[in-house]
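See structure below.
Coordinate-derived values only; no laboratory data. What you see is a predicted model, and the numbers here were worked out from it, not measured in a lab. Glycine also receives a Cβ, built like all others from the backbone with ideal geometry; neighbour counts cover every protein chain displayed.
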Amino acid sequence: MTLIKSISGIRGTIGGKPFENLTPVDTVIYISAFAGWLKSNIDSIQPKVVVGRDARISGPMIQSLVNQTLVGCGIEVIDLDLSTTPTVEISVIELKAQAGIMISASHNPKDWNALKFFDGNGEILGAKSGGEILKIAEDRDFNYSSVDNLGKVICLDGMIERHVAKILELSLVNVNAIREKGYKVVVDAVNSTGGIAVPMLLDSLGVEVVKLYCEPTGLFPHNPEPLKEHLSVLSQQVVKEKADFGIVVDPDVDRLAFVDETGEMFGEEYTLVSCADFVLTHTPGSTVSNLSSTRALADVTRSKGGQYFASAVGELNVVEKMKTENAVIGGEGNGGIIYPELHYGRDALVGIALFLSLLTEKEIKVSNLKASYPEYTMSKAKVVLSPDVDVDRLLQLMEDKYKDKNPITIDGIKIEFESAWVHLRKSNTEPIIRVYAEACNEEAAKSLTNKFIKEIKGFY
């Protein structure tokens with residue numbers, strides 16, 4: 001059982017003992033801390049907070065605790081109920097709220113849930129704010145409102161519809177051209193809120209939708225992380241239905257992956273590559289992804305005359321770098337698309353619209369589109385260390401060994417080779433070094449991963 005506390009929110013397993021899991025007690029403590037932080041940092045007498053949840057089984061319980069704790073803290077709650085993470089982010093902006101909370105453990109299994117915190121811009125909290133909340137929770141330094149100053153809950157429908165409408169209004173989304181194509185798409189929404197949002201978007205674009213696991217029951221039919229090994233049924237269904245492609249999203253709809261018309265994975269790393277290809281064609285500029293994302297994005301960006309920039313891993317870091325470099329699109333290799341024209345947050349729905357616009361403009365099959373991009377394969381592994389090992393020292397030794405390669409050290413160590421790279425990162429919660437490698441084929445990537453694992457182990 002697990003409870004993970006970070007600057008961007010709280011994630012844990014449901015059940016068990018308080019302070020070791022995401023129990024009702026822990027939920028109340030961290031929401032109280034969030035409320036205390038919010039009230040101390042804004043001028044509003046009664047702040048307004050948008051709250052949404054994915055379809056996880058524990059969602060209604062956590063939602064009730066969140067809502068009523070905020071009420072007890074004198075905060076007005078705008079309750080979206082079943083929603084998506086990007087919808088909550090957009091709603092904060094649209095409703096002029098002071099903050100937002102999404103109840104979702106993203107791609108984690110059903111026994112997990114989480115509290116994701118957003119500021120008044122609908123963006124993940126920064127390190128300073130997140131740290132303050134954790135300190136307030138640790139010190140139990142919060143107060144509740146008197147009976148005359150309690151907050152209230154306002155239930156609001158229609159924000160997913162508003163989210164979809166804003167996507168259709170984007171200048172790069174050619175709604176009429178997409179409708180004329182008459183695409184057929186299979187959608188795997190892992191029985192969460194993507195089953196509401198994705199078909200709604202596709203229907204608006206005139207796409208025939210074959211629904212697969214689109215009932216928002218929270219009963220995930222497979223591991224909800226959108227990886228190849230979890231998507232055999234989707235691949236089979238795309239071929240059976242003679243669909244143009246397949247779509248899979250994670251439970252809170254901020255990650256996106258595609259399956260081509262032959263049932264083969266397009267690759268979640270290439271979700272951002274393809275969307276960037278389209279955006280850069282019409283709005284030249286720079287792009288951003290994290291250090292562990294495919295080199296293909298840099299290649300495509302440079303081929304369009306733009307500049308590519310890498311950030312530390314994590315949506316917060318990507319967004320900060322995008323703002324610094326005024327990037328036209330960015331995201332992460334896990335299928336996260338951040339399109340500032342809409343908002344600064346990972347959004348599978350806008351990714352789908354941009355991808356359809358690209359296919360329509362190029363008049364190309366998904367398999368042929370993938371073949372047009374630089375070919376890279378990624379390998380991911382980890383080195384599990386004993387608790388007494390000095391992980392920082394190991395990383396320093398690796399940095400020293402490859403100092404002639406001028407390693408990038410903004411987030412662990414990234415070593416660039418002519419046609420490959422390796423990224424070494426330590427875990428913040430376990431004695432682990434994660435090893436990411438990318439090369440031109442699977443064999444080369446795995447070989448590079450194994451080489452660095454052997455070298456790390458050679459130092460202890």
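Of note:
- Estimated FRET transfer efficiency (Glu363, Ile410; beta-carbon r; R0 60 Å; 0.05): 0.90
- Placing a pseudo-label 7 Å from each Cα along the Cα-to-Cβ vector at Phe417 and Lys228 gives an inter-label distance of 2.0 nm.
- Around Glu268: net Lys/Arg minus Asp/Glu count, Cβ-Cβ under 11 Å: -2
- FRET E, pair Glu20, Tyr460, Förster distance 41 Å, beta-carbon r, rounded to 0.05: 0.90
- For region 383-460 and region 104-139, distance of Cα centres in Å: 28
- Antiparallel beta bridges, as assigned by DSSP with both residues in the chain, represent about 55 percent of the total such bridges.
- 30 Å Cα-Cα threshold exceeded, pairs from Lys382/Lys405; Lys5/Lys401; Lys5/Lys446; Lys403/Lys454; Lys228/Lys323: Lys5/Lys401; Lys5/Lys446; Lys228/Lys323
- Pairwise label distance in nanometres, Glu341 with Lys451, each label 7 Å out on the Cα-Cβ vector: 4.1
- The residues Ile10, Ile103, Ile196, when put in order of fewest to most other Cβ atoms within 10 Å, stand as Ile196, Ile10, Ile103.
- Working from label points 7 Å from Cα in the Cα-to-Cβ sense, the Asn121 to Ile57 distance is 3.9 nm.
- Gain in span if fully extended, Thr262 to Ala165, counting 0.36 nm per residue against the direct Cα distance: 31.8 nm
- Sparsely packed trypsin sites (Lys or Arg not before Pro) within region 43-119, loop by DSSP, other Cβ within 10 Å at most 12: Lys96
- The structure shown yields Rg/Rh (Cα atoms, Kirkwood Rh), and of the options (i) 1.05; (ii) 1.00; (iii) 0.97 that calculated value carries the label (iii).
- In a fully extended conformation the segment linking Gln68 and Arg393 would gain 112.4 nm over its present Cα-Cα distance, using 0.36 nm per residue.
- Summing charges over all other residues whose Cβ lies under 11 Å from the Cβ of Asn368, with Lys and Arg as +1 and Asp and Glu as -1, gives 0.
- Our summary of shape: the Cα atoms of region 3-157 have principal axis extents of 38, 35, 30 Å, ordered from largest down, in whole angstrom.
- Stretchable slack from Asp148 to Ser303, in nm (0.36 nm times residue separation minus alpha-carbon distance): 49.6 nm
- Per-peptide packing, taken as the mean over residues of other Cβ atoms within 10 Å, places 431-438, 344-351, 221-228 in the sequence 344-351, 431-438, 221-228 from highest down.
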